[in-house]
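This is the structure I want to talk about, given as structure tokens.
The numbers here are math on the coordinates, done by the rules we state, and not lab data. What you see is a predicted model, and the numbers here were worked out from it, not measured in a lab. All Cβ positions, even for glycine, are placed from backbone atoms using ideal geometry, and neighbour counts span all protein chains on display.
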Amino acid sequence: MPYSETSGDRIITSHQRGRVARFRAWVLVGVPFGALIFQAYVPLFYPPLAYLDLALLVTIYFAMMRHSAINGILVGCAMGLAQDALAHNPLGMYGISKTLVGFFAASIGVRIDVSQSFVRLLACVVFYVFHQFLFWLISRALLEKLVAFDWRQTLILSGFNAIVGLALFHFLDKLKDKD
Amino acid sequence: MDSLLNRFRSITVLLVVVVAQLILLAYSVKNPEGVRVIRLWAVTVVTPIAQIAETTRSTVWGVFHNYFDLRDARQQNHVIQAQRDQLKLENLYLKSELNTADRVKALAAFQKVSPSRYVAARIILTATTSASRIVILDRGSNSEVEKGMAVITPDGIVGKIIDAFPTASQALLVTDPEFAAGVVSQKNHVKGILHGAGSGKCRIDNVQTEEKVDEGEMFFTSGDDRIFPRGLPVGKADVVREGTQYKEILLYPSGLQAGPEEVLIVLAGVHAPIPAYEAPPPEQKVYLGPPVPQTKAEATTAALTTDADRLREHYEKLGKFENHKFGEGGVPNFNAAIPANAEPPVAAGTTTAPKTNAGTNSPPAVVKKPAAAGTATAPKTSAGTNSPPAAAEGSQASVPQNP
């Protein structure tokens with residue numbers, strides 16, 4: 001009989017517990033930090049890479065693989081606020097978006113086996129669109145910025161981010177703690 | 001209650017975090033400076049990493065950039081060298097073409113002014129042996145070339161046709177030992193026979209020693225050989241030596257000095273007069289400006305350069321001092337001490353102006369005049385000085401009496 005835990009944060013079976021990825025501390029700190037650095041630095045020399053939201057992909061990955069909604073919320077919040085701080089946005093724009101993405105990604109990670117590539121690809125596409133939509137919504141609703149939501153561009157960029165995310169997730173899988 | 005909180009803990013955390021961020025967002029919008037510290041932290045944390053990344057990037061990029069630059073430079077160097085070599089070759093080719101065009105133009109001009117009939121030919125081959133001086137021309141019997149015709153350039157004779165084929169002909173150059181042609185000198189009209197000397201020179205035989213030939217005298221064809229029309233230049237006598245019976249005359253053939261590639265074959269020769277000798281223009285009077293005036297000191301130092309000069313000067317001083325004229329009898333006192341301020345004579349028969357010594361402690365200048373014959377005058381001294389009269393000081397010898 002599968003073990004069930006209903007703590008609110010984790011609703012996982014024993015089978016699912018075996019899939020929870022554990023990472024070393026330096027990975028949990030270094031990878032998000034590296035993603036932020038990359039996002040702030042590399043587009044200086046290669047502007048198309050500004051469309052790559054590496055912070056979002058890292059948030060999705062850690063949220064899904066850790067199977068912890070609170071972890072997802074905290075990672076998303078931290079990444080979003082840092083991104084806001086570096087992008088000189090009003091603090092909370094990316095923060096709220098990524099917090100919600102982290103929460104829902106963790107929720108999906110708990111319920112679905114996210115080690116499959118197609119699931120990851122789909123998750124990246126969906127969460128990218130969701131993230132952009134949230135950002136647009138916050139801009140429009142809270143900051144009263146009259147910006148249009150470009151669905152087509154968002155979908156294209158979501159595909160681009162999903163492909164990169166697939167490779168990134170594969171790389172981050174290597175950094176999992178084997179124990 | 002606890003179980004409810006546990007059950008909705010994640011939702012609760014989410015709500016708390018989102019609400020907190022909403023408040024933060026509202027606050028940061030209302031008061032952007034209020035959240036500056038968060039931005040400061042973010043930037044402070046990120047900046048050192050970015051600096052390290054930038055330093056690493058610029059270093060690595062610089063190394064690669066320099067490497068590729070050098071690689072490119074090397075490739076460019078190769079390309080430029082190849083282009084330069086190509087241009088050199090093209091330049092040589094064009095120069096050669098230009099020279100050829102010039103020569104052809106000169107030949108055409110010569111053909112126009114000359115009464116003889118010519119056909120232009122090109123030297124296409126040379127003899128395979130080093131002993132013979134034979135060339136092959138690209139004109140033959142098809143172009144009316146026949147054996148025995150003269151081969152010339154506007155500068156002088158080159159040789160003669162020794163064999164004519166339909167499309168080519170062989171010519172014996174003037175430097176070949178087998179070659180012979182009648183020549184005559186321009187100035188003295190001395191006739192001789194031109195033979196090749198084997199090397200680059202020719203010699204003129206059968207010129208008697210009594211006949212006069214100057215070095216540098218120009219020789220022309222005499223027309224006696226019935227090959228070369230009269231009046232074609234042959235060359236200037238380079239060496240003229242007296243022999244036992246005949247003169248030994250060597251010359252460089254003027255027709256070969258430019259290394260001919262295009263020549264003229266004389267199809268029908270017309271004799272022309274030997275150009276009249278024109279003596280070089282007499283030496284004209286050349287204006288020379290006055291020499292640069294020399295100062296007295298320069299003249300003295302320039303003149304007195306050896307011990308003999310200095311001894312002569314000493315004796316002249318002595319003679320002046322003792323009023324003795326050398327060569328007129330008597331012997332001056334060569335041991336007499338001459339005062340240091342006695343001026344050396346400038347020129348015979350001249351009088352130096354007295355120097356002004358007012359207010360100085362230096363010895364007075366001596367005004368010296370050449371003494372008249374038969375008189376004895378003591379050297380004058382200027383008054384009003386602290387030094388004793390120059391003539392009296394140390395003078396042990398009496399004033400010599402002139403005979």
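Would you calculate the separation in nanometres between label points at residue B:285 and residue A:113, each defined as 7 Å from the Cα along the Cα-to-beta-carbon direction?
Simple spin-label model gives 12.7 nm for this pair.
Holding the Cα-Cα limit at 27 Å, pick out from B:88/B:201; B:112/B:247; A:98/A:176 the pairs that are longer than that.
Checking Cα-Cα distances, B:88/B:201; B:112/B:247 exceed 27 Å.
Give the peptides B:173-183, B:318-328 in descending order of average Cβ contacts within 10 Å, highest first. Display every interim value, and only then the final one.
On the way: B:173-183: 21.7, B:318-328: 16.9.
Result, highest mean first: B:173-183, B:318-328.
Another question, if that's okay. Once you average over the residues of A:74-85, how many Cβ atoms of partner chains fall within 10 Å of each Cβ?
Whole-number average of other-chain Cβ neighbours for A:74-85 is 4.
Between Rg and the Kirkwood Rh of the range B:143-207, both from Cα atoms, what is the Rg to Rh ratio?
Rg/Rh: 1.03.
Here's something else I'd like to know. Rank-order B:246-258, B:72-84 by packing density, defined as the average count of other C-beta atoms within 10 Å over each peptide's residues, highest first.
Peptide ranking by packing, descending: B:246-258, B:72-84.
Report the FRET efficiency, 1/(1 + (r/R0)^6), for residue B:11 and residue B:59, where r is their Cβ-Cβ distance and R0 is 41 Å, rounded to 0.05.
Efficiency computed from Cβ-Cβ geometry: 0.25.
What span do the alpha-carbon atoms of the range B:20-140 cover on each of the three principal axes, reported in whole Å from largest to smallest?
117, 36, 17
Calculated from DSSP H runs of 4 or more alone, at -39500 (n - 2.57) each and per residue, what is the 222 nm mean residue ellipticity of chain A, nearest 500?
Result for chain A, helices only: -22500 deg cm²/dmol.
Here is a follow-up. Across peptide B:49-61, how many C-beta atoms of other chains are within 10 Å of each residue C-beta, on average?
Averaged over the peptide's residues, the number is 2.
With each pseudo-label sitting 7 Å past Cα toward Cβ, what's the residue B:271-residue A:176 distance in nm, one decimal?
About 12.1 nm separates the two model spin labels.
Within 10 Å of each Cβ in peptide A:87-98, how many partner chain Cβ atoms are there on average? Round it to a whole number, please.
Details: counts 2, 3, 2, 9, 13, 12, 4, 1, 7, 8, 1, 1.
The per-residue average across the peptide is 5.
Could you name the aspartates and glutamates in cross-link range of residue B:160, using Cα to Cα under 20 Å and dropping any fewer than eight places away on the same chain?
B:138, B:144, B:146, B:176, B:178, B:205, B:224, B:225, B:261, B:262
Could you give the length gained by full extension between residue B:23 and residue B:193, i.e. 0.36 nm per residue of separation minus their alpha carbon distance, to one decimal place?
48.7 nm
A further question follows. How would you classify the range B:240-286 from its alpha-carbon gyration tensor, with a ≥ b ≥ c the square roots of the eigenvalues: rounded for a/c under 1.5, else prolate if a/b is greater than b/c, otherwise oblate? Numbers along the way, then the final one.
Values: a/c = 1.82, a/b = 1.29, b/c = 1.41.
Oblate is the answer for the range B:240-286, as a/c is 1.5 or above yet b/c matches or exceeds a/b.
Peptides B:57-69, A:62-74: what's the order by average Cβ count within 10 Å, highest mean first? Don't skip to the end; give the middle numbers.
Numbers: B:57-69: 10.7, A:62-74: 24.8.
Put in order of decreasing packing, that is A:62-74, B:57-69.
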